[in-house]
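These notes are about the structure you will find just below.
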Amino acid sequence: MRQLYIKQKVFNLSGKFTVKDQQEKDIYYVEGSFMQVPKTFSIMNTAREEVALITKKVFSFLPKFLVDVNGREVLTIKKEFSFLKARYTINAAGIEVHGNWWDMDFQVLHHGKIVGKVSKEWFTWGDSYKVQIIDEEIETIIIALVVAIDCVKADQAAASSAASN
C-alpha cells in the first residue's frame with residue numbers, strides 16, 4: 001500500500017500544487033488554467049508528462065467535470081438539479097465512491113473491491129488529503145478523482161459566494 005498526500009496551497013491563485021509521498025518527494029504535479037475557458041487541471045508525472053486532465057464543461061446547464069486518464073475519459077462528476085443543497089453524482093465505469101466525498105472521507109472501489117482510501121488531514125494549513133493507494137494499477141485514476149472532487153468543491157464555493165453577493 002502506498003500513501004500519498006495532496007497539500008493544496010490555500011492562497012495560490014495559479015492553481016498549482018503537488019502530490020507527495022511519505023518522504024515528501026513530489027510524485028505528481030497539478031497545474032490549473034486560471035484564466036482560461038474551459039477551465040482545466042493537468043496532472044503530470046515526475047517526467048512532467050500529462051497523465052490526467054480534468055475539464056470543467058462550460059456549455060452545459062449544470063456544472064460538469066470530465067476526467068481523462070491517459071487520453072481516455074474515465075469519469076464524470078456532474079451537478080444534479082436540486083433546490084435545497086448542491087448534489088453531485090460521479091459516473092465512472094467500474095468505479096464507486098463510498099463515504100462522504102464532500103468532506104474528503106471516502107473509499108474508492110473498483111469492481112466492488114477497495115482500491116483506495118481518502119481522508120482529510122485536519123492539522124495542517126489549508127486543505128490536505130491523505131490518499132492511501134491499495135491498488136497501484138489505478139493510482140492515477142484515484143489521484144485524478146481526488147483532484148476532480150477538490151475542483152468541484154472549489155467551484156461550488158465560488159458559485160455560492162458569487163450568489164450571496
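Observations
- Pairs where the first residue, in the stretch 93-107, is farther than 9 Å from Ile149 by Cβ and the second is in a loop (DSSP other than H, G, I, E, B), C-beta under 6 Å, 6+ apart: Gly94/His111
- The stretch 126-165 - residue that is at pLDDT 90 or above and in a loop (DSSP other than H, G, I, E, B) and, of those, nearest to Asn70 (Cα to Cα): Asp135
- In the stretch 24-58, of all residues being within 17 Å of the chain's Cα centre (by Cα) and assigned to a loop (DSSP other than H, G, I, E, B), the one that is surrounded by the most Cβ atoms within 10 Å (Cβ to Cβ) corresponds to Lys39.
- Looking across the stretch 43-67, the residues that are farther than 15 Å from Glu139 by Cβ and touching a residue at least 40 places away in the same chain (Cβ under 8 Å) come down to Ile54, Lys56, Pro63, Phe65.
The values are calculated or read from the model by the stated rules, or taken from the named source; none is laboratory data. Treat the numbers as computed from the prediction; the structure is a model and nothing was measured. Cβ sites come from the backbone with ideal geometry, for glycine too, and all protein chains shown count toward neighbours.
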